[in-house]
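Engineer: Let me begin by handing over the structure; questions about it come next.
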Amino acid sequence: DKCHPLKARRPIASGAVTSSLALTTAVAIGLVALIVGFALGLPFFAAAAAYLILLSSYSAFLKHIVILDVMTIAAGFALRAAAGAAVIFVPISHWLLVCTSLLALFIALNKRRHELTLLTETATQHRRILGDYTPYLLDQMISVVTASTLIAYSCYTISPETTAKFGTSLLSLTIPFPLYGIFRYLYLVHRRDLGGSPAELVVNDRPLLVCVALWAISVIVIIYR
């Protein structure tokens, strides 16, 4: 992170917090989180423990293995979605896991591309795995994941299971919103050189915020009309 123009200001990278203090704090927070997770029920505890193991493995070695690095990030988001269902004791939809995983993979690949194009010659000093990627390879992967994400969401909205659950076949009318949202995200990554921080990108881009808001409103109206 010390080699990154933005991440260099983070506490550990800047030297404001020592690595030993950060590690001790992380272990303490992890243990407290597991205890609280256990109190919230075994299903949630299992998801929390799996998430902790997955992300610890990512920090230790998975982030250095090409392709598995971004797939691990996507798996982490899927586990977080599963934990949300587990903590309120509702069935975990396979559509939720598929769509979440693909969307997270889309974001992770775009983040890798942004890092690679932003840091150029110093990219491997920031993250060794970037030496195994090229902008062209990442663009090919992003194309596959983009199509898969949109197809998965479209299939979800028109599936008999969804229609029976919500009592409507009109959810397919919401497809243009994720379509625009993904295209807008790609535009910001390729033409505005953004994507290093997905959260900041979404929060600071008004068209994306409007798209998300319209999607949420349309879903609520269609389901609860």
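The values are calculated or read from the model by the stated rules, or taken from the named source; none is laboratory data. Since this is a predicted model, take the numbers as computed values, not measurements. Note that each Cβ is placed from the backbone with ideal geometry, even for glycine, and that neighbours are counted across all protein chains shown. To get the accessible areas, we keep the full protein, side chains included, count just its heavy atoms, and leave off ligands, DNA and RNA. Shrake-Rupley method; radii C 1.70, N 1.55, O 1.52, S 1.80 Å.
Engineer: Bins of 10 Å, beginning at zero and ending with the bin holding the largest distance: percent of Cα pairs per bin for the stretch 89-129, please.
Structural biologist: Calculated over all Cα pairs of the stretch 89-129, the distribution is 26, 32, 22, 15, 5 percent.
Engineer: Normalised by the residues of the stretch 1-89, what does the relative contact order come to in percent, with Cα pairs under 8 Å and at least six apart?
Structural biologist: Working: 55 pairs, mean separation 20.3, N = 89.
About 23 percent, as a whole number.
Engineer: Sum up the charges of everything whose Cβ sits under 11 Å from the Cβ of residue 184, counting Lys and Arg as +1 and Asp and Glu as -1, but leave residue 184 out. Don't jump to the answer; show the numbers that get you there.
Structural biologist: Values: positive: 191, 192, 206; negative: 205.
Local charge sum for residue 184: +2.
Engineer: What nm value, rounded to one decimal, do you get for the distance between residue 197 and residue 31 when each label is placed 7 Å out toward the C-beta?
Structural biologist: Those two pseudo-labels are separated by 3.2 nm.
Engineer: Going Cα to Cα from residue 7, which lysines come in below 26 Å? Please leave out same-chain ones fewer than 8 positions away.
Structural biologist: Cross-link targets: 63, 111.
Engineer: Using only the alpha carbons of the stretch 149-225, determine the length spanned along each of the three principal axes and report them from longest to shortest in whole angstroms.
Structural biologist: That gives 42, 23, 16 Å along the principal axes, largest extent first.
Engineer: Something else now. Sequence gap at least 6, Cα distance under 8 Å: using those rules, report the relative contact order of the stretch 104-175 to the nearest whole percent. Mind dumping the intermediate values first?
Structural biologist: Details: 39 pairs, mean separation 18.9, N = 72.
Across the stretch 104-175, relative contact order equals 26 percent.
Engineer: Just for the Cα atoms in the stretch 181-225, what are the lengths along the principal axes, largest first, rounded to whole Å?
Structural biologist: The principal-axis extents, from largest down, are 40, 17, 13 Å.
Engineer: Okay, next question. For the full complex of protein chains and a 1.4 angstrom probe, list 177, 38, 106 by accessible area with the highest value first. Intermediate values should be presented prior to the final figure.
Structural biologist: Working: 177 55, 38 125, 106 5 Å².
If we order 177, 38, 106 from most to least accessible, we get 38, 177, 106.
Engineer: Here's something else I'd like to know. Hey, what D do you get for the stretch 54-94 in µm²/s if you plug the Kirkwood alpha-carbon radius into Stokes-Einstein at 10 °C and 1.306 mPa s?
Structural biologist: The Stokes-Einstein estimate is 143 µm²/s.
Engineer: Using +1 on the beta carbon of Lys and Arg, -1 on that of Asp and Glu, and nothing else charged, what's the dipole of the stretch 99-225 about the Cα centre, debye to 20?
Structural biologist: Rounded to the nearest 20 debye, it is 200 debye.
Engineer: Using only the alpha-carbon atoms of the stretch 67-151, report the extent along each of the three principal axes, biggest first, to the nearest angstrom.
Structural biologist: Extents along the principal axes: 49, 26, 17 Å.
Engineer: On alpha-carbon atoms, Rg over Rh for the chain using Kirkwood Rh? Display every interim value, and only then the final one.
Structural biologist: Details: Rg = 19.3 Å, Rh = 19.5 Å.
That ratio equals 0.99.
Engineer: Loop-only trypsin sites (Lys or Arg not before Pro) in the stretch 1-84, please: DSSP not H, G, I, E or B, and at most 15 other Cβ atoms within 10 Å. Spell out each step's value before the answer.
Structural biologist: On the way: sites: 2, 7, 9, 63, 80; in loops: 2.
Those satisfying the criteria are 2.
Engineer: Magnitude of the Cβ-charge dipole of the stretch 132-194, K/R +1 and D/E -1, about the Cα centre, nearest 20 debye?
Structural biologist: Working: 4 positive and 4 negative charges, 50 e Å.
That gives a dipole near 240 debye.
Engineer: Same structure, new question: Tell me which of 134, 158, 117 sits at the most positive position along the dipole axis of the chain, charges placed on C-beta atoms (Lys, Arg +1; Asp, Glu -1).
Structural biologist: Checked the options; the winner is 117.
Engineer: Let me ask something additional. If I take every Cα pair under 8 Å that is 6 or more residues apart in the chain, average their sequence separation and divide by the length, what percent do I get for the relative contact order? Intermediate results must be reported in sequence, preceding the final value.
Structural biologist: Details: 198 pairs, mean separation 34.2, N = 225.
Worked out over the chain, it gives 15 percent.
Engineer: Count the net charge of all other residues whose Cβ sits under 12 Å from the Cβ of residue 142, scoring Lys and Arg as +1 and Asp and Glu as -1. Before the final figure, lay out each step's value.
Structural biologist: Details: positive: 111, 112, 113; negative: 139.
Charge balance near residue 142 sits at +2.
Engineer: FRET efficiency for residue 173 and residue 209, Cβ-Cβ distance as r, R0 = 25 Å, nearest 0.05?
Structural biologist: Values: r = 20 Å, r/R0 = 0.81.
Efficiency for this residue pair is about 0.75.
Engineer: For the stretch 1-130, just list the percent of Cα-Cα distances falling in each 5 Å bin from zero outward, please.
Structural biologist: 2, 10, 15, 17, 19, 17, 11, 6, 2, 0
Engineer: Of all accessible surface on the chain at a 1.4 Å probe, what whole percent is carbon and sulfur?
Structural biologist: On the way: 9380 of 13080 Å².
Percent of accessible area from carbon and sulfur atoms in the chain: 72.
Engineer: Using a Förster distance of 22 Å, how high is the FRET efficiency between residue 117 and residue 10, based on the Cβ-Cβ distance and rounded to 0.05? Kindly include the intermediate steps, with their values, before the conclusion.
Structural biologist: Values: r = 21 Å, r/R0 = 0.95.
The computed FRET efficiency comes out at 0.60.
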